[in-house]
1. With the structure loaded, tell me whether residue 170 is under 15 Å from residue 236 (Cβ atoms) and at pLDDT below 90 or whether it fails that test.
2. Which one of these is modelled with pLDDT under 90 and either under 30 Å from residue 67 (Cα atoms) or out of contact with any strand residue (DSSP E or B) (no Cβ under 6 Å at 6 or more places or on another chain) (or both): 199, 162?
3. What number of residues in segment 197-254 are closer than 26 Å to residue 176 by Cβ and over 26 Å from the mean Cα position of the chain (by Cα)?
4. When residue 124 is evaluated against the numbered criteria (1) at pLDDT 85 or above; (2) in contact with a strand residue (DSSP E or B) (Cβ under 8 Å, 6 or more places away or on another chain), which criterion, by number, is the only one it fails?
5. Just one of (1) at pLDDT 85 or above; (2) in contact with a strand residue (DSSP E or B) (Cβ under 9 Å, 6 or more places away or on another chain) trips up residue 143, so point out which.
6. Show me the helices (runs of 4 or more DSSP H) entirely contained within segment 125-241 in which 3 or more residues are under 23 Å from residue 84 (Cα atoms) and assigned by TED's automatic domain parsing to the domain that holds residue 90.
7. For a quick check of your reading: which helices (runs of 4 or more DSSP H) sit entirely within segment 1-118 and have at least 3 residues that are surrounded by 12 or more Cβ atoms within 10 Å (Cβ to Cβ), modelled with pLDDT of 90 or more and in contact with a helix residue (DSSP H, G or I) (Cβ under 6 Å, 6 or more places away or on another chain)?
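The values are calculated or read from the model by the stated rules, or taken from the named source; none is laboratory data. Note that the coordinates shown come from a computational prediction; the quantities given were computed from them, not determined experimentally. As a convention, Cβ positions derive from the backbone with ideal geometry for all residues, glycine included, and neighbour counts pool all protein chains shown.
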C-alpha cells in the first residue's frame, strides 16, 4: 500500500484504480487498523454506523450482509498469515460499505488481501465498470489468496509427511494438527462467505445497480472451488493423522525391539563372565588360557545369537 497512512483515498479510472491525495466525490476509502480519531472521521464525516465499524474490528465477527436505504454493508472473512500460536494461517473480518457513491474498505490489521489489491501491479489488472464490480474484484482477489494459502498448506503437509515416515516423536503430529486448524478456519470462513455471495446475488440492491454478471459468477465459482480444496485437504490430513499415529507407534516398537535384542546379546558375555567369576572351584581356575577362552566363547555365543536374531528379523 502506498505511504504509511492508515486512511488512503482512491478513485476508479478507465484501467483500474489510482490513489488520490485527499477525499473526492465517488472515492474508495481504504482504512486499516483505524485509531479512535480515524473512527471518528468515518462516523462523523462519512456517517458510517459506529456499531458496524466495531463489529469489523472484532476478530471473531461472523460474515454477514445488511441492506439499508442508502447503504450496503458486508463483512467477509479473509485469509491472513498468522504469527501467533504456531498456526501459519487464519482468517479475519474485512468490512465493505457502499454509501453515497463511496466505497469503504475497513479492516482491523494489515493483510495481503488489501495490500495486494491496492499495490501497483494488482490495481492495473482489473477494469471495474461500477462500484459493485470493484467490490467483486476485491472478493475475487481474496478468493485467489485462499487458493494460494491452501496450496502452501498442502506443501507444508507434504514436508511433514516425509518427516513422519521415520519419526518416533509427536512433533510432526503437532504440526499437522496446526495445519488442520488452518483448514477448519478456512472452511468455516469460506462457507459463510458463500452465504453472503448468494444473498448478494439474489438481493434487490444488486439488481438495481450496474454490475458485471460474469464477474459475480466468477467470484462464486472461485469461492466454491476454495471450499472444495479445503475439504479435500482436510479429509486427507485427517486420514494422515490417524495413519501416522500408528506409524509413530510402530516405529517406536521397532526401536524398542532392537534395543531389547541388543540388551540380550550384551547379557550373554555378562552371564558367562559372572558364572566363571564366582568364588567356587571350576576346571579352568588353573589354566593360563582360561581368560582368553572365556572371552572367545562369549564372543562366539553373542555372534551366534546375532545371526539367529537376524534370521528371524528380530534385529
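1. The answer is no for residue 170.
2. When all the criteria are applied, what remains is 162.
3. 6
4. (1)
5. It fails just one condition, (2).
6. So the answer is 131-164, 171-201.
7. It comes to none.
Residue by residue, here is whether (1) in contact with a strand residue (DSSP E or B) (Cβ under 8 Å, 6 or more places away or on another chain); (2) touching a residue at least 40 places away in the same chain (Cβ under 8 Å); (3) under 30 Å from residue 183 (Cα atoms) holds:
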residue: 9; (1), (2), (3): yes, no, no
residue: 34; (1), (2), (3): yes, yes, yes
residue: 71; (1), (2), (3): yes, no, no
residue: 112; (1), (2), (3): yes, no, yes
